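> Have a look at this one before I ask anything.
Just so it is clear, none of the values below were taken in a lab; they were calculated from the coordinates. All values derive from a computational prediction rather than experimental measurement. Every residue, glycine among them, receives a Cβ derived from its backbone with ideal geometry; neighbour counts consider all protein chains shown.
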Amino acid sequence: MGIQITPSILSADFAALGAEIARVPSADWIHVDVMDNHFVPNLTLGPAMVEALVRSTTVPVDAHLMITEPDRNSAAYVEAGASSVTFHVEAAAAPVRLAREIRRLGARASMALKPATPIDPYEDLLAELDTVLLMTVEPGFGGQTFLELCLPKIRRCRELMDKHGVQTWLQVDGGISLETIERCAEAGADVFVAGSAVFDADDPDAMVAALRERAVTATT
């Protein structure tokens, strides 16, 4: 599978999202943050916009649901065309059942954890997941500073994945840049969400390539 770079449109121009996505043709995924102003103090977009974004690109879309009641609402994002749906374990009533339902509907199932949520209690869930997303900032807003305190959790998550021999991807999201991506890769992450680092760059696709190179170098 190797290193994957996933630009987050939270830092893109919302008035021209199709054009913004077209600026990162070498991206592995497009990361779409869905916020409901309840689980996090911000409000973004819903299934209709995700469906429109899916139609505008051939790059697969990962819908990151920062919402309450993901058990009830996740299916709508699979139906909208998201290739991966990420729910927060802090908001899920039945995470195993939810992960299995997302997979049954045809998308990758991803479980996200806030910075203060430990990974160890969910060790037995790893085989049920296609991706674990570790937030490296508090979810809700783009452009935040990377939290160094998350690095031990990234290492611990990779240890648990290796222990159980799962093929689950380890994704990090928050403050990922040329200055921080190497440490995350060394700690064991292999999928990197980058928002402002990509879309604030003069050449967003060149930044995708530069981030990928930094991560690959750190793991070889």
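> How would you order 191-198, 92-99, 66-73 from highest to lowest mean count of nearby Cβ atoms within 10 Å?
Values: 191-198: 26.1, 92-99: 17.0, 66-73: 19.0.
Ranking the peptides 191-198, 92-99, 66-73 by packing returns 191-198, 66-73, 92-99.
> What are the ³J(HN,Hα) couplings of the stretch 52-64, residue after residue, when phi is run through the Karplus curve with 6.51, -1.76, 1.60 and θ = phi - 60°? Round to Hz, x for glycine and proline.
5, 5, 4, 5, 8, 8, 9, 7, x, 10, 10, 8, 9
> On each of the three principal axes of the Cα atoms of the chain, give max minus min coordinate, whole Å, ordered largest first.
43, 40, 30
> How do the peptides 129-139, 202-212, 101-111 rank, highest first, by the average count of neighbouring beta carbon atoms within 10 Å per residue?
Numbers: 129-139: 23.1, 202-212: 17.4, 101-111: 19.6.
Ranked from most to least packed, the peptides come out as 129-139, 101-111, 202-212.
> Between residue 89 and residues 5 or more places away or on another chain, which pairs have amide H atoms under 5 Å apart, with H built 1.01 Å from N, and which residues are they?
Long-range HN contacts for residue 89: 112.
> Shifting gears a bit: Which whole-Hz ³J(HN,Hα) couplings does the stretch 116-130 yield from phi under the Karplus relation 6.51 cos²θ - 1.76 cosθ + 1.60, θ = phi - 60°, glycine and proline marked x?
Listing the rounded values in order: 8, 8, x, 7, 4, x, 10, 3, 6, 8, 4, 5, 8, 10, 8 Hz.
> Same structure, new question: Quick one: which residues, 5 or more positions from residue 169 or on another chain, have an amide H under 5 Å from its amide H? H modelled 1.01 Å from N in the peptide plane, none for Pro or chain starts.
131, 132
> Moving to a separate point now. Take each of the peptides 30-36, 47-53, average the number of other beta-carbon atoms within 10 Å over its residues, and list them starting from the highest. Please list the in-between numbers first.
Values: 30-36: 23.7, 47-53: 17.1.
Going by the mean number of other Cβ atoms within 10 Å, highest first, we get 30-36, 47-53.
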